[in-house]
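Let me begin by handing over the structure; questions about it come next.
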Amino acid sequence: MELFEAIRTTRAMRRLDPEQDVTDEDVRTILEAALKGPTGGNQQPIRWLVIRDPDIKKRLQKIYQRCWNRGRKPYEDEPGKVAPNVLSSADHLAENLHLAPVIILACADTGAADKRHHASVYPSVQNLLLAARALGLGTALTTAHLFEEDAVKEVLGIPEHATTYALIPVGHPTGKWGEAKRRPLDEVSYHDRWGQRGPSATTAS
Ligand SMILES: Cc1cc2nc3c(=O)[nH]c(=O)nc-3n(C[C@H](O)[C@H](O)[C@H](O)COP(=O)(O)O)c2cc1C
């Protein structure tokens, strides 16, 4: 798949087919792509946890459901803040997380320093999402589990010197791929000074 098509069509695919497995080879391919992401000083603190065990997935789902119940609250309190179909698909994921063939948890080994490494983890996470898209695999970047990170760490035996970032279900999507809906570039990009418009799509080139 062409890179720009993968970028355009990588979406949060929360409805995954529980019957269609993801091969170990595909998991390896997307993790190999992920670990090519940059990290500060090339220190590579990222650790990937690949979860297939049904009992462990179910335990994670129970925690995730509780977390999502908290995470969705601001959206409930402010109707219109998020599209109803996004909420219903996020609800679906919370109820069915354990049915995803694979869950990948992006972690970092923080060593002695009590430090988080967001900026050294997320470039690799995005690589993973794109690589999965190229293989026809759906993913959703989620962070709701952070409401109960300690509980997640306990289930997975994650030591104190490691931290978690994104919990990503991976599987074959049941829905269609579509282009991600985003604000127009001219609305969100400035040139030379904050607020100053640059050449628009019609005048550029
Ligand atoms: C930092 C971050 C945290 C997110 N956390 C969650 C989450 O906990 N649960 C969830 O269902 N989706 C989560 N998402 C997915 C977003 O809701 C999704 O990317 C957004 O709605 C755009 O969806 P689209 O790419 O399909 O257009 C998260 C995305 C990001 C970038």
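So which of K73/K153; K153/K181; K115/K176; K115/K181; K36/K73; K36/K62 end up more than 30 Å apart by C-alpha? Mind dumping the intermediate values first?
Details: K73/K153 24 Å; K153/K181 34 Å; K115/K176 39 Å; K115/K181 34 Å; K36/K73 36 Å; K36/K62 32 Å.
With Cα atoms farther than 30 Å apart: K153/K181; K115/K176; K115/K181; K36/K73; K36/K62.
Note down the Stokes-Einstein diffusion coefficient of the stretch 1-102 in µm²/s, whole number, using a Kirkwood radius over alpha carbon pairs, 37 °C, and 0.692 mPa s. Could the numbers behind the result be given before it?
Details: Rh = 16.3 Å.
Taking Rh from Cα pairs, D becomes 201 µm²/s.
Using the Cα atoms of the stretch 19-59 to build a convex hull, what is its mean projected area in square nanometres? Display every interim value, and only then the final one.
Numbers: hull surface 15.8 nm².
Projected area, direction-averaged: 4.0 nm².
Note the per residue figure in Å³ for the convex hull of the C-alpha positions in the stretch 33-93. Mind showing how you got there, number by number?
Details: hull volume 9.3 nm³, N = 61.
Each residue corresponds to 152 Å³ of Cα convex hull volume.
A further question follows. If each DSSP helix of 4+ residues adds -39,500 (n - 2.57) and the sum is divided by the residues in the chain, what number results at 222 nm, nearest 500 deg cm²/dmol?
On the way: 8 runs with 83 residues, N = 205.
Value at 222 nm, helices only, nearest 500: -12000 deg cm²/dmol.
Per residue, how much accessible area does the chain show when a 1.4 Å probe rolls over the protein heavy atoms, in square angstrom? Don't skip to the answer; put the middle values down first.
On the way: 12130 Å² over 205 residues.
About 59 Å² of surface per residue is accessible.
Further question: What relative contact order, as a whole-number percentage, does the stretch 68-165 give when Cα pairs under 8 Å and 6 or more residues apart are counted?
Details: 53 pairs, mean separation 35.2, N = 98.
Dividing the mean separation by the residue count of the stretch 68-165 yields 36 percent.
I've got another one for you. Using the Cα centre as the reference, give the magnitude of the dipole from point charges on the C-beta atoms of the stretch 122-185 (Lys, Arg: +1; Asp, Glu: -1; all else neutral), rounded to the nearest 20 debye.
Details: 6 positive and 6 negative charges, 128 e Å.
It works out to roughly 620 debye.
What percent does the relative contact order of the chain come to when contacts are Cα pairs within less than 8 Å and at least six residues apart?
Numbers: 299 pairs, mean separation 72.7, N = 205.
Normalised by residue count, the contact order of the chain is 35 percent.
Further question on the same structure: Scale the Cα Rg of the chain by the rule-of-thumb value 2.2 N^0.38 Å and send over the ratio, two decimals.
Working: Rg = 18.3 Å, N = 205, 2.2 N^0.38 = 16.6 Å.
Compared with the compact-globule rule of thumb, the chain sits at 1.10.
Something else: What is the packing order of peptides 28-39, 135-146, taking the mean over residues of other C-beta atoms within 10 Å and listing the highest first? Please report the intermediate quantities before stating the final value.
Details: 28-39: 16.2, 135-146: 20.2.
In decreasing order of mean packing, 28-39, 135-146 become 135-146, 28-39.
In addition: Using a 1.4 angstrom probe on heavy atoms only, work out the carbon and sulfur share of the accessible area of the chain in %.
On the way: 6200 of 12130 Å².
That fraction is 51 percent.
Under a point-charge model restricted to the Cβ atoms of Lys and Arg (+1) and Asp and Glu (-1), what is the dipole moment magnitude of the chain relative to its Cα centre, in debye to the nearest 20?
Numbers: 27 positive and 27 negative charges, 97 e Å.
Computed about the Cα centre, the dipole is about 460 debye.
Right, next: For the stretch 112-171, just the Cα set please: Rg and Dmax, both in angstrom.
Over the stretch 112-171's Cα set, Rg and Dmax evaluate to 13.0, 39 Å.
The values are calculated or read from the model by the stated rules, or taken from the named source; none is laboratory data. Everything numeric in this text was worked out from a predicted model, so none of it was measured. Every residue, glycine as well, gets a Cβ built from its backbone with ideal geometry; the counts of neighbours run over all protein chains shown. Just so you know, the surface numbers come from the protein's heavy atoms only, side chains and all, with ligands and any DNA or RNA stripped out. Shrake-Rupley method; radii C 1.70, N 1.55, O 1.52, S 1.80 Å.
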